[in-house]
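Accompanying notes for the structure given below.
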Amino acid sequence: MSGIINWTILEEAVASYRLDRSEMRNTAQRFQQEMDLALAGKNSSLKMLPSFLAAPSGHERGNYTAIDLGGSNLRVMQIELLGQGQYRIIKQISRSLQDPQGGYDYTAPEINGQQIFGFIAEMTAKVMEGAESQGLGFTFSYPMNQQKVDSGRLIRWTKEFNPRDTIGRDVADMLSRALWLKGIEIRPSAIINDTAAVFLAGCYQDSSVCAGSICGTGHNTCVLDPHSLVGARCQPMIVNMEAGNFSRLPLNCWDRILNQDTEDPGQQIMEKMVSGKYLGELLRITLRETGEKGVWSGYDRELRIWTQPYSVDTRVLGWLYSDQVVNKELLDHWMELNGIPLSEENHQMITRWGRAIIQRAIKLLAASYMAVIKHSRQFNQPGWVIAVDGALFKYLPGFMSGIEDILQEEFPPQTVGLTYIDDGSSVGAAVAAALTK
Ligand code: BGC
């Protein structure tokens with residue numbers, strides 16, 4: 001033991017987040033087994049939900065309205081697809097689902113379906129005013145069962161979001177009715193998962209894209225499956241895996257505590273280990289539990305940070321993962337604000353745990369992408385690219401490159417990669433509307 005921290009316990013905690021190369025490969029194998037089981041209609045933690053959409057050609061054109069309901073934000077855009085993978089955003093509105101200053105919180109437990117869809121319709125009406133729209137695409141970032149491309153029944157909410165009176169209902173019906181109440185008579189021609197949207201937006205620009213993945217508030221991946229075919233067109237279909245629900249993973253004691261206190265214990269296990277909604281919470285729980293055990297001194301259980309779930313933003317982990325001085329200063333300021341005594345040792349402790357949490361997330365995502373690429377190798381092409389979107393890829397330094405480095409080591413040189421797609425969830429909705437026109 002040195003100073004005020006029990007370094008042995010700290011190291012044990014870091015080790016409990018570690019995933020070595022062989023464990024990572026085993027995880028990839030288990031992920032692939034779950035994909036195969038789900039595709040064969042057998043019991044699996046993955047879902048392989050059909051989207052009824054195939055890959056775009058890249059030549060799609062026209063003016064479309066795109067709605068993107070994510071885990072933290074609502075975006076509505078009027079987009080012109082110009083062909084050759086090009087597009088232009090004509091108009092857009094973006095709103096957080098939670099705005100204390102604006103006096104609303106659509107993530108609150110008392111919110112019902114009518115209210116959330118009313119909010120979506122209100123923003124859509126603003127964007128559509130005066131616009132010439134050839135169709136409406138709706139990116140809905142939650143699991144749904146689809147029998148066709150323009151309707152989908154909500155299976156359940158995720159990401160600690162849970163508007164009432166909505167489960168089992170058709171998302172297109174709820175949206176169309178809310179739009180009708182605002183005087184707009186339009187039905188979405190495509191309802192898609194955000195991973196499918198990122199895939200479509202990626203593939204619109206680059207035909208070697210074989211999958212789409214999100215790591216933002218939530219996590220998920222879709223894949224172009226060679227065996228699931230789109231109707232008479234007999235083209236491979238985009239399949240939403242609901243990868244965030246992958247559960248054959250080793251949990252440590254803090255993962256278990258986090259999971260127990262969520263809206264959906266036992267579900268979305270992978271998501272709870274890799275996505276923006278949960279990584280800050282995992283750090284908070286690790287610090288709180290070790291503080292309770294006296295591993296580090298200066299812990300005061302009455303402080304808001306320890307009593308208030310989700311009070312550690314995943315952005316904090318971003319500061320820890322980078323060596324820039326400015327980030328050290330941000331972390332110091334954050335520690336001070338939250339009543340964590342500023343000392344070199346506390347600083348080191350938070351940094352070690354934060355980094356361990358991120359490194360594990362990088363390896364778990366890389367493992368799932370290894371499985372996806374192996375599945376996609378059934379398409380004989382020179383390379384396989386996964387289109388990605390979401391705050392972790394965009395803002396967390398070293399996150400995307402960390403995954404890419406692992407993939408480069410696991411596959412022949414120059415054959416695999418990730419590509420970040422800006423506005424993927426919205427552009428993909430426009431491409432989907434164009435495909436179904
Ligand atoms: C949802 C997925 C979604 C992902 C990313 C998860 O919580 O279940 O449908 O694709 O978040 O937004």
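If you project the alpha carbons of the chain onto the principal axes, what extent comes out on each, in Å, largest first?
The Cα atoms of the chain stretch 68, 53, 41 Å along their principal axes.
For LEU418, enumerate residues with amide H under 5 Å from its amide H, sequence gap 5+ or separate chain, H modeled in the peptide plane.
Under 5 Å from the amide H of LEU418: ILE386.
Would you mind checking which residues have amide H under 5 Å from LYS47's amide H? H placed 1.01 Å from N; only 5 or more apart, or other chain.
Distant-sequence amide H within range of LYS47: GLU242.
Springs between alpha-carbon atoms under 10 Å, Gaussian network over the chain: tell me which of GLU302, GLU132, GLU12 tops the mean-square fluctuations.
Looking only at GLU302, GLU132, GLU12, the largest GNM fluctuation is found for GLU302.
What part of the accessible area of the stretch 156-250, given as a whole %, is carbon or sulfur when the probe is 1.4 angstrom?
Looking at the stretch 156-250 in its full context, I get 50 percent from C and S.
So what are the ³J(HN,Hα) numbers for the stretch 123-132, from phi and the Karplus equation (6.51, -1.76, 1.60; θ = phi - 60°), rounded to whole Hz, Gly and Pro as x?
5, 5, 4, 5, 6, 7, 4, x, 8, 9
GNM on the chain, C-alpha springs below 10 Å: top fluctuator among ASN162, ASN380, ASN43?
Of ASN162, ASN380, ASN43, the most mobile in the Gaussian network model is ASN380.
Taking Cα atoms, how many degrees apart are the long axis of helix 325-337 and the longest axis of the chain, rounded to 10 and kept between 0 and 90?
Helix 325-337 sits roughly 70 degrees off the main axis of the chain.
Given Cα pairs under 8 Å that are at least 6 residues apart, what percent is the relative contact order of the chain?
22
For the chain, what does -39500 (n - 2.57) per DSSP helix run (n ≥ 4), summed and divided by total residues, give at 222 nm, in deg cm²/dmol to the nearest 500?
-13000 deg cm²/dmol, from helical runs alone.
Can you list the aspartates and glutamates whose alpha carbon is less than 12 Å from that of LYS277, not counting same-chain residues fewer than 8 positions off?
Within the straight-line limit of under 12 Å, LYS277 reaches these aspartates and glutamates: GLU160, ASP313.
Given the pairs LYS126/LYS148; LYS91/LYS328; LYS47/LYS293; LYS328/LYS363, which are separated by over 30 angstrom at their Cα positions?
From the list (LYS126/LYS148; LYS91/LYS328; LYS47/LYS293; LYS328/LYS363), the Cα-Cα distance tops 30 Å for LYS91/LYS328; LYS47/LYS293.
For the chain, take the longest principal axis of its alpha carbons; what is the angle in degrees between that and the long axis of helix 171-181, to the nearest 10 within 0 to 90?
Result, in degrees: 70.
Enumerate the amide H contacts of ARG169 below 5 Å, restricted to partners 5 or more residues apart or on another chain; note that Pro and chain-start residues carry no placed amide H.
Hits under the 5 Å cutoff: LEU154.
Put +1 on the Cβ of each Lys and Arg and -1 on the Cβ of each Asp and Glu in the chain; which of GLY85, VAL312, ALA367 then has its Cα farthest toward the positive end of the dipole?
It is GLY85, whose Cα lies furthest towards the positive end.
Given a 1.4 Å probe, how much area per residue of the chain is accessible, in Å²?
That works out to 41 Å² per residue.
Please work out the FRET efficiency for the pair ILE89 and THR8, using the Cβ-Cβ distance as r and a Förster radius of 60 Å; give the result to the nearest 0.05.
It comes out at approximately 0.65.
Among GLY103, GLY168, GLY212, which one moves the most in a GNM of the chain with springs linking Cα atoms closer than 10 Å?
Checking each option, the largest mean-square fluctuation is seen for GLY103.
Could you look at the stretch 297-415 and say what percent of its accessible area is carbon and sulfur, using a 1.4 Å probe and all protein chains?
51
So what J values fall out for the stretch 77-87 if you push phi through Karplus, 6.51 cos²θ - 1.76 cosθ + 1.60 with θ = phi - 60°, rounded to Hz, Gly and Pro as x?
Here the 3J(HN,Hα) series is 9, 9, 10, 9, 8, 9, x, 6, x, 9, 8 Hz.
In whole Hz, what ³J(HN,Hα) sequence does the stretch 15-22 give by Karplus (6.51, -1.76, 1.60; θ = phi - 60°), x for Gly and Pro?
Whole-Hz 3J(HN,Hα) from phi for the stretch 15-22: 5, 6, 9, 7, 9, 7, 4, 6.
Run down the aspartates and glutamates and flag those whose C-alpha is under 16 Å from the C-alpha of LYS182, throwing out any fewer than 8 positions away in its chain.
Partners within reach: GLU122, GLU129, ASP173.
Grab the other residues whose beta carbon is less than 12 angstrom from that of THR419, score K and R as +1, D and E as -1, and report the net.
-4
Got the relative contact order for the stretch 308-368 handy, in percent, Cα pairs under 8 Å and 6 or more residues apart?
Averaging sequence separation for qualifying contacts and normalising by length gives 34 percent for the stretch 308-368.
When ranked by the protection proxy of mean other Cβ atoms within 10 Å per residue, highest first, what sequence do the peptides 236-244, 222-230, 288-296 form?
Ranking, from highest mean packing down: 236-244, 222-230, 288-296.
Highest mean first, how do 68-80, 315-327, 51-63 rank when packing is the count of other Cβ atoms within 10 Å averaged over residues?
Those peptides, ordered most packed to least, come out 68-80, 51-63, 315-327.
Pairing the Cα long axis of helix 399-410 with the longest principal axis of the chain, what angle in degrees results, from 0 to 90 and rounded to the nearest 10?
80
The values are calculated or read from the model by the stated rules, or taken from the named source; none is laboratory data. Remember, predicted model here, so these are calculated numbers, not experimental data. Every residue, glycine among them, receives a Cβ derived from its backbone with ideal geometry; neighbour counts consider all protein chains shown. Accessible surface is based on the protein model in full, side chains and every heavy atom, while ligands, DNA and RNA are left aside. Shrake-Rupley method; radii C 1.70, N 1.55, O 1.52, S 1.80 Å.
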